[in-house]
1. If you check ALA75, ALA22, ALA17, which single one turns out to be exposed (fewer than 10 other Cβ atoms within 10 Å of the Cβ), small (Gly, Ala, Ser), more than 24 Å from ALA95 (Cβ to Cβ) and modelled with pLDDT of 90 or more?
2. Could you check region 60-82 and list, in sequence order, the residues that are aliphatic (A, V, I, L, M) and either in a strand (DSSP E or B) or on the phi > 0 side of the Ramachandran plot (or both)?
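The values are calculated or read from the model by the stated rules, or taken from the named source; none is laboratory data. The structure presented is a predicted model; accordingly, all values stated were derived computationally and were not measured. Methodologically, a virtual Cβ is constructed for each residue, glycine included, from the backbone with ideal geometry; neighbour enumeration extends over all protein chains shown.
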Amino acid sequence: MPQPFWIDYAFALTVVAAVLAALFALARVVSRRRTFPRGDGRFVTILESTMLSQQTAVHVVKAGGRYLLVGASPAGLRTLADLAPDDVDNFIATARCSRTSASRTTSRA
């Protein structure tokens, strides 16, 4: 004896709903996993910038584990130097120490 039409229809809707739910769950899992390392949320970070003129600047950029000195001008971007990580880390540590000591002296005044 053949099944009524609504039973086949309900079964098809259930299968489609299950497939959509599985795809949604998979998309959520994939979106939570990151391809790039995430320390502060970024793979590329501009650590320091200095304007040389109205249209030119130099930037210290961290990309992954590399530190680069990048020049920016209307002509485009250019890598000026590959910086040693130890030098940049020492500079950052010195800059943090001087900022904290400066904030302590201004808060006392």
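1. It is ALA75.
2. Of everything in region 60-82, those that are aliphatic (A, V, I, L, M) and either in a strand (DSSP E or B) or on the phi > 0 side of the Ramachandran plot (or both) turn out to be VAL60, VAL61, ALA63, LEU68, LEU69, VAL70, ALA72, LEU77, LEU80, ALA81.
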